[in-house]
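Every number in this text was worked out from the coordinates using simple rules, so none of it is lab data. Predicted model, so just to flag it, every value in this text is computed and none were measured. In this analysis, Cβ positions are derived from the backbone assuming ideal geometry, glycine residues included, and neighbour counts consider all displayed protein chains.
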Amino acid sequence: MTFNKLFTTLQGRLLRWLILPLVVLSMAHLLNIYITTKNTSTELFDRVLVNLALSISQYAISSEGDFLTVDLLDVIKQTTNDTLFYKMLGPDDSFLVGYTDLPDPPGGVKKIHNHIEYYDVIYLGQPLRIVAVSTLSKHSRFSGWSKTLVGQTLDDRNQFIADEVYANLLKVIFLIVLITTLTIIVVNVGFRPLKRLLTDLNSRDIHDLTPVDTNGMPEEVATLAGGINALFKRLVDQIGLSKRFLENASHQLLTPIAALTLQCDLAIRHAETESSRKSLDRIKSNAHRIADLAKKLLQLSYSEAYAFEKKDNQKLDLAEIAQECANSFKELSQRKHIELELKTAFVFGNKTLFVELLNNIIDNALKYSELEFNVLIETFIDGECSILQVTDSGPGIPEELRQLVTERFFRANKDTTGSGLGLAIVKEVVLVHHGEMQILAGKEGIGTLIRCSFPIL
Amino acid sequence: MRALVIEDNCDIAECIIESLKEMEITSDWFKEGVYFERAVAAGEFDIIILDINLPDACGFSILKKFRSAGGNTPVLIISARISVSDRVMGLDMGADDYLVKPFALDEFEARVRALLRRESQNKCEVIEFGDLNYNQNTREFLLKGLAFNSSPRERAVLEILIQKKGEVISKESIANHIFSFDDLADTSAIEIYIHRIRKKLASSNVSVATQRGLGYALKKLDDV
């Protein structure tokens with residue numbers, strides 16, 4: 001998981017919310033450990049120090065102010081790694097032994113029997129903990145107030161605290177790692193249905209709006225999937241609505257145009273002068289252009305709606321459809337030749353759309369072909385693809401315009417009568433059938449070759 | 001010849017009726033689907049022109065009902081529905097042809113002629129009956145190779161007779177084929193047309209015979 005993901009993913013957020021408090025809590029815990037250990041160690045070590053001071057004082061008095069013997073020093077050294085300093089002022093200042101410059105307590109030594117006082121000083125450049133004990137001795141030879149100071153460096157105490165804190169730190173780190181790992185595992189397991197839903201949505205065709213299967217999903221994810229399904233349904237309804245609107249609009253548009261062209265036909269028959277006949281002819285050809293436009297808009301909306309509904313799919317032979325469409329064109333355009341080289345090539349799709357594709361591609365080729373030349377329609381199989389190829393003998397489409405001609409309402413030649421929707425329909429139909437459309441120069445550079453390839457059935 | 005036109009758009013309907021009239025086909029026009037059944041029950045039609053999007057009904061269901069009730073009159077659908085599936089549906093429901101709006105008048109007329117020719121018992125273009133020749137495409141009569149002058153109504157009656165090729169056809173049936181519901185003529189008008197046709201055929205070997213109580217039939221003279 002990258003650092004960025006920690007802030008953007010749900011999993012990251014969860015981890016943050018779990019681990020941040022855990023770390024803060026651990027810090028507080030360690031601080032607590034430090035303080036308690038420090039108190040405990042001070043108490044323990046101070047007690048040892050007091051005992052030491054009492055032993056030294058007794059020894060010094062009994063030995064009448066002599067230095068400590070090697071034996072006693074060995075015993076003392078075994079109890080600690082610290083450096084020890086002592087100073088002993090005999091009863092009534094009878095003698096002074098040890099480190100004579102060891103600082104006295106800040107308030108002076110109190111003359112109370114067995115009075116113990118602790119204080120911290122810096123001695124010889126290192127911090128010391130000193131205990132000062134005043135005793136009233138009633139020895140045969142010495143009697144009166146004596147004081148004993150024992151100082152100890154802090155190494156042992158610090159080591160003790162450090163050991164304790166370190167041991168706890170290890171425990172806390174282990175706990176944090178364990179909780180993090182468990183959280184990641186649990187979150188991953190918990191998020192698996194969500195990831196499956198995402199994979200399902202990502203692997204879909206862009207037009208696929210069928211509901212997501214919520215079977216076996218945890219309730220939370222099922223709710224989300226339900227929301228997505230509701231959105232899909234609204235989208236499907238909306239598409240249906242706009243499709244019906246376009247169908248109705250086109251129908252409403254086509255009906256008056258039909259009346260207009262029929263009236264023109266009748267008027268042309270009964271026209272009395274050549275000039276009125278010409279005007280009527282022009283009206284009629286414009287009416288036909290509007291009709292063509294309305295029809296093609298309807299075809300486009302149909303193919304778009306098909307992309308979402310995918311209904312009426314069947315196995316189709318491109319050769320058969322090309323033959324049918326070419327036949328109907330042959331009746332209309334006897335002066336232009338349509339040449340056919342058809343080999344069986346099956347595709348899976350909607351027949352209405354393929355007929356529209358062929359009609360538009362042939363219509364386009366005929367429109368741009370010189371009168372005396374041919375339009376060639378070929379269907380064949382090339383490797384994994386069924387191919388439909390139409391070559392015209394027109395002026396060709398310059399390379400820089402080839403991308404543009406499939407855009408709606410684009411026309412390469414502004415003088416040609418056409419809706420500018422023909423190739424847009426062809427491309428739409430090719431795309432909704434998962435095919436590919438290429439516009440190339442014709443054989444030997446003459447005319448245009450439009451190649452549509454579809455996945456073989 | 002008589003046509004039934006079911007079309008809700010007045011302008012289109014008027015053009016169609018005008019065009020049918022030029023083809024010498026009498027027509028009855030209704031704007032709504034409800035009249036279809038009554039019309040086919042009351043009249044004898046040679047062709048039905050049917051729109052699909054009607055204000056009160058769907059042309060497809062009207063057609064389906066008509067065909068399942070045994071109606072066999074040729075039906076030409078005219079519709080603004082362009083999809084192949086609509087066309088296929090129309091033809092599957094029993095339509096004989098499907099014309100997508102907008103269409104050219106010439107194409108409409110050609111399709112009507114084709115349907116009428118297909119329906120007549122004589123598939124060939126020209127029917128010969130004695131000295132009388134009838135071209136089903138141009139709908140012209142030749143008598144002994146010469147143009148046969150007659151009024152449209154007389155031609156309509158003769159057309160019915162020659163298509164029956166000598167079979168007897170009743171006066172009512174003839175009237176039903178040539179008069180629309182709006183025509184105020186009664187069957188006695190047929191007698192007048194028959195009388196005129198007989199006069200014009202007098203010099204040939206063809207005549208119209210009366211079968212009392214049954215109707216009329218075209219006869220060659222050597223048959224009599």
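Some values worked out for this structure:
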| quantity | calculated |
| --- | --- |
| Ranked B:Thr73, A:Thr391, criterion: other C-beta atoms within 10 Å, fewest first | B:Thr73, A:Thr391 |
| Computed Rg/Rh of region A:104-184, alpha carbon atoms with Kirkwood Rh | 1.37 |
| Packing-based exposure ordering (other Cβ within 10 Å, fewest first) of A:Lys351, A:Lys296, A:Lys315 | A:Lys315, A:Lys351, A:Lys296 |
| Rounded to whole Å, sorted largest first: equivalent-ellipsoid semi-axes of region A:65-211, Cα gyration tensor | 72, 15, 12 |
| Selection from A:Asn374, A:Leu401, A:Asn360 lying farthest towards where the dipole of region A:350-405 points positive, charges on Cβ | A:Asn360 |
| Signed unit charges on C-beta, dipole axis of the protein assembly as shown, positive-most listed residue B:Val34, B:Asn133, A:His113 | B:Val34 |
| Beta bridges by DSSP in region B:1-66, antiparallel share as percent, to the nearest 5 | 10 |
| Calculated SAXS-style log₁₀ I(q)/I(0) at q = 0.12 Å⁻¹ - region B:46-165, Debye, Cα scatterers | -0.54 |
| Volume per residue of the C-alpha convex hull in region B:1-67, rounded to whole Å³ | 69 |
| Approximate spin-label separation A:Leu20-A:Gln126, in nm, with each point projected 7 Å along Cα-to-Cβ | 4.5 |
| Among the listed pairs A:Lys233/B:Lys101; B:Lys171/B:Lys220; B:Lys164/B:Lys200, those beyond 23 Å (Cα-Cα) | A:Lys233/B:Lys101 |
| Spin-label model distance (nm) - A:Asn202 vs A:Glu339, 7 Å beyond Cα toward Cβ | 5.0 |
| Cα-based helix-to-principal-axis angle, A:219-270 vs chain A, degrees rounded to 10 | 20 |
| Dimensionless Rg over Rh [region A:12-118; C-alpha; Kirkwood] | 1.27 |
| Fraction of antiparallel bridges per DSSP, chain B only, in percent to nearest 5 | 50 |
| Aspartates and glutamates with Cα under 12 Å of B:Lys199, excluding same-chain neighbours fewer than 8 positions away | B:Glu154 |
| Antiparallel DSSP beta bridges within the protein assembly as shown, percent to nearest 5 | 75 |
| When each of A:Lys171/A:Lys195; A:Lys296/B:Lys21; A:Lys278/A:Lys330 is checked by Cα-Cα distance, pairs over 29 Å | A:Lys171/A:Lys195; A:Lys296/B:Lys21 |
| Chain A: angle of helix A:274-309 to the longest principal axis, Cα-based, in degrees nearest 10 | 40 |
| Convex hull of Cα atoms in region A:165-206, direction-averaged projection (nm²) | 3.4 |
| Cα centroid of region B:13-44 to Cα centroid of region A:202-233, whole Å | 54 |
| Cα-based equivalent ellipsoid of the protein assembly as shown: semi-axis lengths in Å, sorted from largest, via gyration tensor | 118, 27, 19 |
| Cα convex hull volume per residue for region A:124-256 (Å³) | 289 |
| Signed unit charges on C-beta, dipole axis of chain B, positive-most listed residue B:Ile174, B:Leu201, B:Gly90 | B:Leu201 |
| Chain A: angle of helix A:422-432 to the longest principal axis, Cα-based, in degrees nearest 10 | 50 |
| Inter-label distance, nm, simple model (7 Å from Cα along the C-beta direction), B:Glu44/A:Leu241 | 5.4 |
| Sequence-distant lysines (8 or more away, or on other chains) whose Cα lies within less than 28 Å of A:Lys77 | A:Lys38, A:Lys87, A:Lys147 |
| Scattering profile of region A:167-325 at q = 0.09, 0.14, 0.20 Å⁻¹ [log10 I(q)/I(0), Debye over alpha-carbon scatterers] | -0.62, -0.94, -1.20 |
| Nearest-20 debye value, chain A charge dipole, Cβ charges on Lys, Arg, Asp, Glu | 1160 |
| Volume of the Cα convex hull of region B:112-220, divided per residue and given in Å³ | 102 |
| Cα-based radius of gyration of region B:1-112 once divided by 2.2 N^0.38 Å, which approximates compact folds | 0.96 |
| Rg/Rh (Cα only; Kirkwood hydrodynamic radius) as it applies to chain B | 0.99 |
